[in-house]
1. Dipole magnitude of the chain about its Cα centre, charges +1 at Lys/Arg Cβ and -1 at Asp/Glu Cβ only, in debye to the nearest 20?
2. In terms of the Cα gyration tensor, with a ≥ b ≥ c the square roots of its eigenvalues, is region 450-587 rounded because a/c is under 1.5, prolate because a/b exceeds b/c, or oblate?
3. For region 466-599, what is the charge dipole size about the Cα centre, in debye to the nearest 20, if Lys and Arg each add +1 at the Cβ and Asp and Glu each add -1 at the Cβ?
4. Of the peptides 428-434, 295-301, how do they stack up when ordered by the mean number of other Cβ atoms within 10 Å, highest first?
5. Using 0.36 nm per residue, how much length does the chain from K281 to R357 gain when fully extended, once their Cα-Cα distance is taken away?
6. Could you please report the charge total around P152, scoring K, R as +1 and D, E as -1 over all other residues with beta-carbon less than 15 angstrom from its beta-carbon?
7. So for region 3-248, Kirkwood radius off the Cα pairs, Stokes-Einstein at 10 °C and 1.306 mPa s: how many µm² s⁻¹?
8. Using 0.36 nm per residue, how much length does the chain from K563 to D382 gain when fully extended, once their Cα-Cα distance is taken away?
Amino acid sequence: MCGIVGYLGSRDPKDIIIEGLSKLEYRGYDSAGVAIFNENQLVRVRAEGKLSQLKQKIQDLNLTFTGPSGIGHTRWATHGRPSEHNAHPHSSGPIMLVHNGIIENYLELKKELMGKGYQFESDTDSEVVAHLINDRWKQYGNLLTAIKKVLPELKGAFSIVVLNQENPNELVAFKDGPPLILGLGQNEYFLVSDVAASLAYTSRYIYLDDREIVRVTPEGYAVFSESGVRLSKTVTEVAWSADQVEKRGFRHYMLKEIYEQARSVAHCLEPFLDREQFRLKPMMEWSSVEGVHIVACGTSFYAGIYGQYLMEILGGIPCRVDVASEFRYRDPVLSPGTLVLAISQSGETADTLGAVRLAKAQGSPVVSICNVKQSSLDRESDVTFYMNCGPEIGVASTKAFTATLVLLNLLAMDLARYRKRLNADLEFQMLRRLLELPSQIEVVLAYDKYFQDAADALKRYRGFLFLGRHVLYPIAMEGALKLKELSYLHAEGYPAGEMKHGPLALIDEQMAVVVLAPQDDLYEKTLSNLQEVKARGAKVIAVGTLEDEQLKSLSDRYLSIPKVPWNINPILAVIPLQLMAYHLACSLGHDVDQPRNLAKSVTVE
Ligand code: G6P
């Protein structure tokens, strides 16, 4: 939610900041703005809408910026509607800042500041911080001191970069919650929400912890604790390359990421394979684990439901799954021996982090599945298993989902082996099947033309039901989520057996039903459910195994996946659903990488 970039150095700050914002636009695209020095004057430009509007405005105004510093922001609106006057940077006197997050006590602070005569020009919570810093700056005459005074007064989640009109050679930033990362270049510094914004310039980063403050000047950087103690921070070398955050010839990031899945699944598997013995390397210590509780949001939550089946079927221990935002506010009871497994691509989702903190406070060990190394979740977990699938930029998650399903297989196998439920032969067979996945994904991707045709045929429907049983039930929900977030059409994922308990009433000629019916132990039952919807006049699109003539004869459109075991079916079956959602949204003229009202990294509750 919101992307921020701060720059101090000798390059053209406008280019660096705009380029950085373009890599962060996935975090919000309601408005964008910059404040950059030009000959000791801080110039602010803001525009409602996407970054392209801001770029156009800067071009039309024929503005030049000489630097040496500047800040930029791309917004996902929380307080105050998307508009230019609510766009960042916000200012007060010489202070200009960009903010990602929410200031929970902003009304209280606003009242106090208004009492002192400060005038507000926006409806945002962020502007309060600008006035507060200005107020303390007037008192102490030093930006760092002013911020040290302000930090204890702020409640909520924030990551903020501040510039002072009086001193172009200084940037001060601080955070509590959303990510803030300091990139170290050659005599230049980047303050960013995500390394993607500055990978083209540096691979060396410092990840700030909560309630830390960083000050950068041409002479160097210094990180302080809230109480003012100078801290020594570890510099991390980030392995991702700038090239990985480009589209590489694909029309959209989402399409590129769907097509990367054969490779990303292979990368995800590799670190856990003992190729000499052809065995799974030991992953974790299970001796004290009596149950697993999975917490996650969005697509990661659906992956979690799939994980629940595996943990119970293979591992033989109880497993529950919760949407993190529900878990954290319902006084969950975690019995001793419960391992909390958090799933998050970004590792920055506020609710997932909230759930993890609650679990830790109750004494539960926390293991996570995460894509972004050094993210908050990674740093706060006892153990992290990395998706290893490279940066995911498209707002709708795809390759992180399939990588997570693979990791959940490995974890469940590791547990099953520890509990003596997985003999060497079964382990060998399961690993072999997982190793075959990349080539089978390639086979499914080769049918993209058929998925595009199917999507074309879906254009005339106003509602969609996705049906699946067992491990395909979470895939039905994921398919519906992909379709609704990209096409803005109503879609629901349902367990196929539940149709007669309500959803059958929805069926009419405007409703299409996508049935996931690859061959597995429940195939016949799913087929009966398909007959029930068909008998009521629904248009049926079926996903099945190879050339399944019986299923074909019952469907209006048939999409095929290779023959694989039950636990692998979901990893292949989701791909036609991702591609159908993608093509449908494209043909409706929607921006698939930046669906309306959404953001990729949800760093506020
Ligand atoms: C947002 C994204 C989804 C993602 C969810 C959880 O809603 O749009 O694609 O699944 O957040 O994100 P996480 O990074 O925690 O997996």
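Nothing in this text is a laboratory measurement; each read-out follows from the coordinates by a stated rule. Note that the structure is predicted; figures quoted are calculated from it, not measured. Cβ placement follows ideal geometry from the backbone for every residue including glycine, while neighbour counts extend to all protein chains displayed.
1. On the way: 64 positive and 73 negative charges, 25 e Å.
Roughly 120 debye, rounded to the nearest 20.
2. Rounded shape, in that the Cα axes give a/c under 1.5.
3. For region 466-599, the charge dipole is close to 100 debye.
4. On the way: 428-434: 16.6, 295-301: 25.9.
Order by mean packing, descending: 295-301, 428-434.
5. 24.5 nm
6. Here the count lands on -3.
7. Working: Rh = 17.6 Å.
Translational diffusion coefficient: 90 µm²/s.
8. Details: separation 181, 0.36 × 181 = 65.16 nm, distance 3.74 nm.
Contour length minus Cα-Cα distance gives 61.4 nm.
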